[in-house]
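Encoded as structure tokens, the structure appears first; notes follow it.
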Amino acid sequence: MTKPSVDLGKVGIWYGGIDALTTPEAQACARLIEELGFGALWVAEAVGRDPFVSSSVLLGATKTLKLATGIANIYARDPMTMVAGQKTLAEAYPGRFLLGIGVSHGHLVAKVRQHDYSKPYSYMVDYLDKMDKALFMAKGPADDGGRILAALGPKMLELSATRANGAHPYFTTPEHTKISRDVMGADAMLAPEQMVVLETDPTEARRIARAGMKIYLGLPNYFNNLARLGFTEADWTNGGSDRLVDAIVAWGTEEQIAARVKQHHDAGADHVCVQILQDGAAAPEQQLRRLAPALVGR
């Protein structure tokens, strides 16, 4: 399949922590991201706000900013409801919403949502089949924007290119971006996430990085993917080895972070979703303002 019709630009902001803000604060942050020239704002789904409602609220608060879900959980709603959410936003905000969907993680699906997580890949294949056949009898968009899949391993990456318009790898490296492009070919969109810390002191930067990485180090999907890249269980202990931390999180000056983003682009990424790690839950206004000159327009 071809790349999605929604133009996200070269760099966007992935902001899972936006759920910690009040709605007016989140809207103000979205307007700042738009003002600074970032192409897109990515919102997540776990146990917080509904990503379609949040996208609508944030799209309505901005004028040109694109919203993307990174990702909407396919176990959280049936395929017809997923299509309805996508087409509703695509019609209301033409060219400004991109649907990213994924299988999430075992603990969130099996334990929190009480669904069967035994065959996530097969579930995704069947889900896409049902999305393609879903009824939608409201006034629809001229173009629904397309869909991308959360993908790490070769099977899901291939599915992202053949049954969707691209992939959104998370918690990964430029090396993985190169592998992903090789698997997917040239026609599909590739939008990896990149964690960053604006801190030049190695000890402090890695402390902040480890705090941001902590939740992901216990998830098999990410361990399995990084094991394919040569990381071992030894890299996973004590909050992550320096080697693992430095591979996952770009830290340092604005120029050093921009250099890591460029590595993803050089490896085949169309769009890089930058996630700012910091202490506290406030909006990262200062970091956004510092990073924009180095990243926007790359």
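We did not get these values from a lab; they are worked out from the coordinates using the rules stated. Computed from a prediction, not measured in an experiment: that's the story for all the values here. So basically every Cβ, Gly included, is an ideal-geometry build from the backbone, and we count neighbours across all protein chains shown.
Residue separation of Ala28 and Arg228 scaled by 0.36 nm, minus their Cα-Cα distance, works out to 68.0 nm of gained length.
Counting only DSSP H runs of at least 4 residues, each contributing -39500 (n - 2.57), and dividing by the residue count of the chain, the helix-based mean residue ellipticity at 222 nm comes to -12500 deg cm²/dmol.
Normalised by residue number, the volume inside the convex hull of the Cα atoms of the range 44-159 is 105 Å³ per residue. The slack in the chain from Thr81 to Thr200, taken as 0.36 nm per residue of separation less the alpha-carbon distance, amounts to 38.3 nm.
With kT/(6 pi eta Rh) evaluated at 37 °C and eta = 0.692 mPa s, and Rh the Kirkwood radius from Cα pairs, the range 159-220 diffuses with a coefficient of 244 µm²/s according to Stokes-Einstein.
Taking other Cβ within 10 Å of each residue's Cβ, how do Asp270, Asp126 sort, fewest first?
The order, fewest Cβ neighbours first, is Asp126, Asp270.
If the chain linking Glu175 and Asp279 were pulled fully straight, counting 0.36 nm for each residue of separation and taking away their Cα-Cα distance, it would gain 34.6 nm.
If the Kirkwood radius is taken over C-alpha pairs of the chain, then at 37 °C and 0.692 mPa s the Stokes-Einstein diffusion coefficient equals 171 µm²/s.
Between Ala138 and Ala20, the distance separating the two model label sites (each 7 Å from Cα on the Cα→Cβ line) works out to 3.3 nm. Summary value for the chain: 22 percent relative contact order, contacts being C-alpha pairs under 8 angstrom separated by 6+ residues.
Give me the net charge for the shell around Ser54: Cβ to Cβ below 11 angstrom, other residues only, Lys and Arg +1, Asp and Glu -1. Neighbourhood net charge equals -2. Here the spin labels are modelled as points 7 Å beyond Cα on the Cα-Cβ line, and at Lys214 and Glu254 they lie 3.1 nm apart. Using a cut-off of 30 Å between Cα atoms, the listed pairs Lys133/Lys178; Lys3/Lys155; Lys63/Lys262 include Lys133/Lys178 as exceeding that distance.
Tally Lys and Arg at +1 and Asp and Glu at -1 over the other residues with C-beta under 12 Å from the C-beta of Gly145: what net charge comes out?
It works out to a net charge of +1.
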